[in-house]
Amino acid sequence: MPRSPLPFRATPTVTALTTALAGALLLSGCGASVDSGSGSSGDKSADRKVTVQRCGEKVEYRTPRRAVAYEGGSADKLFSLGLADRVHGYVMPPANPPVSESPWAEDYAKVEKLSDDLLNKEIVVDAKSDFVVAGWNSGFSDQRGITPEILDKLGVQSFMHTESCYNYPKYPEKKAPFEGLYADLDRLGRIFDVQKRADRVVGDLRKRVRAVEAKAEEGASGPRLPVFLYDSGTDEPFTAGNQVPPNDIIKSAGARNIFAGLDERWTEVSWEAVAKAEPEVIMILDYGDQPAAKKIDFLKKSPHTKHLPAVEKNHFFILDYNEGISGPRNIDGLEKFAKYLRGLDG
């Protein structure tokens, strides 16, 4: 996961658009519910309201029509639910691999690429969006002036990845990463009124995970293989704690994240801690702008890492960026990693 970006330089706010986007979200303290309004328009869904959690906060949503997705994980969740016709566009910074590599490449082609930079309020307002999907500190950011609270005041609905809610200061929520993925698909299904589709998608993902776990258990012998997730960093490595998808990928595949004891998302550790754990496999997070080959080359040459068991045995597994951030492709990454581990056993 890319480190926190530099603060965004806000352009002057276009206040006239605030009126055009009037109608802030109504917050509700009740349980999940649906309220069909009595509007006179021919489109009944325009008046439909449903209360769904946004992290630890219950929020009342109207059915979105012009969604904006930040990064592949957000867009993939919407596309997996068959919502391409409700997505106006996406924002895709350089860390993301080309969208042509996505299982939903045809859906990406149907919607507009709004920016190849970081998400900001101006992009959302200019797109006349009524709904934004992103993560906390990866999309939404106090520093860059785009938060759910700010968008609420503009009448723009927002939704955050449950996995990122661990760091959300206002209404935190903690779920295991795969459970967070399932929760997002369920919640988005209710917001967009495609709950049956969401149930099918979640059911299929759960089934695939169970199949991998069962196979890993059958082949288990001895302690779990220690795995180090290398995101980036030379002076100090950036890695995955237990609050991000790679931890669940490693665990469900039958191995062990050497930093699973860290109750963190993406975090910095020391090379000394990596060396002490003696990882047998190194999982490389492959960015579009920071290719895995360069990271592997560094690990083979660095005095901190060149004598690690994984490096000496050339045990490197490359995890695609969109398999490592919260999204349906997490399960693709799991299946590939589990197959890789079985190959090592052979």
For the range 291-345, give me every one of the helices (runs of 4 or more DSSP H) that falls completely inside it and has 1 or more residues that are farther than 30 Å from Ala69 by Cα, touching a strand residue (DSSP E or B) at 6+ places or on another chain (Cβ under 9 Å) and of a type outside the set (Lys, Arg). 292-301, 309-312, 329-345
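Quick grid of which residues meet (1) under 14 Å from the mean Cα position of the chain (by Cα); (2) crowded, with 17+ Cβ neighbours inside 10 Å:
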site: Glu60; (1), (2): no, no
site: Gly72; (1), (2): yes, yes
site: Leu83; (1), (2): no, yes
site: Asp107; (1), (2): no, yes
site: Asp116; (1), (2): no, no
site: Glu149; (1), (2): no, no
Quick check on Ser164: is it surrounded by 19 or more Cβ atoms within 10 Å (Cβ to Cβ) and either in a loop (DSSP other than H, G, I, E, B) or basic (Lys, Arg) (or both)? no
When the range 252-278 is examined, which residues are found to be within 23 Å of Gly222 (Cβ to Cβ) and among the acidic types (Asp, Glu)? Glu278
Run down Gly139, Gly145 and say which single residue is within 12 Å of Ala69 (Cα to Cα) and in contact (Cβ under 8 Å) with a residue 60 or more places away in the chain. Gly139
Mind counting the residues in the range 128-147 that are among the β-branched types (Val, Ile, Thr) and surrounded by fewer than 24 Cβ atoms within 10 Å (Cβ to Cβ)? 1
Criterion violated by Tyr171 - all others in (1) surrounded by 18 or more Cβ atoms within 10 Å (Cβ to Cβ); (2) not in a helix (DSSP H, G or I) satisfied: (1)
Being over 16 Å from Gln195 (Cα atoms) and in contact with a Lys or Arg (Cβ under 6 Å, 6 or more places away or on another chain) is true for just one of Glu101, Glu60, Glu71. Which residue is that? Glu60
Among the candidates Ala214, Ala273, Ala255, residue that is among the small types (Gly, Ala, Ser) and outside the structural domain of Lys313 (by TED's automatic domain parsing): Ala214
Matching option when the condition is within 22 Å of His161 (Cβ to Cβ) and over 19 Å from the mean Cα position of the chain (by Cα), among Phe228, Phe238, Phe259: Phe259
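The values are calculated or read from the model by the stated rules, or taken from the named source; none is laboratory data. Only a predicted model underlies this, so the values are computations on that prediction, with no experimental measurement involved. Methodologically, a virtual Cβ is constructed for each residue, glycine included, from the backbone with ideal geometry; neighbour enumeration extends over all protein chains shown.
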